[in-house]
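FYI, it's all coordinate maths here, none of it is from the lab. It should be emphasised that the depicted structure is a prediction, and the values quoted were computed from it without experimental measurement. Every residue, glycine as well, gets a Cβ built from its backbone with ideal geometry; the counts of neighbours run over all protein chains shown.
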């Protein structure tokens, strides 16, 4: 069975030959893992994926348009969205973390005028090559950061302003959300067209919105319905128009939103932090099993701190719980963190292959 | 229609809970104009409202955005009230040194804690984000607070415990690393 067939079956809530496997990590630990597995400096990320049995590949288009935001000393700027970051080191590696917020305390006119990239300013010419390269893999468009309204607003105006403006329904903020949404939808549409033109087939669209803290919903159902649901629906509808399912990444305690997502036509949910409230494998299976496919549920907090033996056990338990209902894809809940011992990652993926066979 | 004083106190509290900043300011102004003691306006209007917000947040009836909006309404009320309470001779109930530890620049949790503490008349010395051990120690020596509070989404919080150097200092940590326990207190010498 190819990766494409395997993932398609899982997203259709059926049982393939084994659970599909996915991987994501921070840069530093990724390099350490490659070194530990004997993948030298010339090895590619695909080489690692092959070794781990990763079934998923993302297809994207590089931004080639004008820089929409000025450079600032000592900071990196994302040229499309105006996210300013700087490298924050910790003892294990580090993060590009957001450090300047161009719309903090901004006037409504500034928020409304904040640019969003033109969907035509992306290079779709490399899509055909990616389609060919990954013809047997499960390919997806989008990612967990789309539309990601809360975080993307937080990155340009600070999280406090973002949440307050959303709660108050600030008009200028809503104008900008719509502008950014249309830009992302336009890019997805062109990407899906490019894949079709290259003779390929995308297998799903990946989107995201972090809707929970560790212990509670991040926002009320009222705010979800008023602001988020209409935006999210547009992505689901676009994917549907190309005949593909949509998966949404939702960090933290997020299962409160899953009935709504089912109503909206969402097919899969991603991340599934088992340590968060109402997110354990058993809870998810009981409440949403057979109605949503699951992607994730292997805690990056646990694999960073547990022993390899305990990781084997917890992966086994997760697989035993979620496999019978169909639709489970084995994946970490986040990027595997830099403080994770490589032997733990190896234990995690060994467990997937050992216990994940139907 | 003329509101009674009682109704105005209740309105200040309720408007604060609903995040209606302008109305909170108006209620406070009216209560001042009626000669109500600033302390009573603070306690029966603003703090009462913020306490209710805290309880509803604890019980998952409202969420982070509602708390932030309410906190801003509290600030609006305080801005009107502050000139009248500056010289009442009362000191804050205590001091807290607060910061997000080195290696982390996230501040939403820290800011929420600050707002809640300030609403309880606790003076907060906010060191900001990405705060080094040396800076924490310096602030503790400078201000001699009762509490040092550190927040971080990384397990750097565990290392921050090593910052403790003061005999009677209460250390309070909030972190995802604590698997859902938002605040945990560590007392060197429990009192």
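Of A:246, B:100, A:2, A:305, the sequence from fewest to most neighbouring Cβ atoms within 10 angstrom is A:2, A:305, A:246, B:100. Site pair residue B:144 and residue A:67 shows an inter-label distance of 5.1 nm when each label is modelled 7 Å from Cα along Cα→Cβ.
For the residues B:20, B:82, what sequence is obtained by ranking on other C-beta atoms within 10 Å, fewest first?
Numbers: B:20 18, B:82 12.
With the sparsest Cβ surroundings first, the list reads B:82, B:20.
If I fit a long axis through the Cα atoms of helix A:27-36 and take the longest principal axis of the Cα atoms of chain A, what angle between them do I get, 0 to 90°, rounded to 10? Around 20 degrees separate the two axes.
Within the listed set A:262, A:149, A:311, the Gaussian network model of chain A (springs between alpha-carbon atoms below 10 Å) gives the highest mean-square fluctuation for A:262. Each residue, residue A:358 and residue A:175, gets one label point 7 Å from its Cα in the Cβ direction; the gap between the two is 5.1 nm. Take every Cα pair under 8 Å whose residues are at least 6 apart in sequence, average their separation, divide by the length of chain A, and the relative contact order is 22 percent. For the pair segment A:15-29 and segment B:98-146, the centres of their Cα atoms are 39 angstrom apart.
Checking the a/c ratio against 1.5 first, then a/b against b/c, what shape does the Cα gyration tensor give for segment A:113-163? Walk me through the numbers before you get to the answer.
Numbers: a/c = 5.58, a/b = 2.03, b/c = 2.75.
Because a/c hits 1.5 or more and a/b fails to exceed b/c, segment A:113-163 counts as oblate.
Taking the fewest neighbouring Cβ atoms within 10 Å as the starting point, the ordered list for B:66, A:107, A:343, B:118 is A:107, A:343, B:118, B:66.
If you count, for every residue in A:87-93, the Cβ atoms of partner chains within 10 Å of its Cβ, what is the mean? Walk me through the intermediate numbers first.
Values: counts 0, 7, 2, 9, 6, 3, 0.
Mean partner-chain Cβ count within 10 Å for A:87-93: 4.
Inter-part distance, segment A:236-273 to segment A:176-221, computed on C-alpha centroids, equals 10 Å.
Choose one answer from A:150, A:219, A:64: the residue with the largest mean-square fluctuation in a GNM of chain A with alpha-carbon springs under 10 Å. Comparing A:150, A:219, A:64 in a Gaussian network model of chain A, the most mobile one is A:64. Segment A:277-332 and segment A:84-117 have Cα centres separated by 33 Å.
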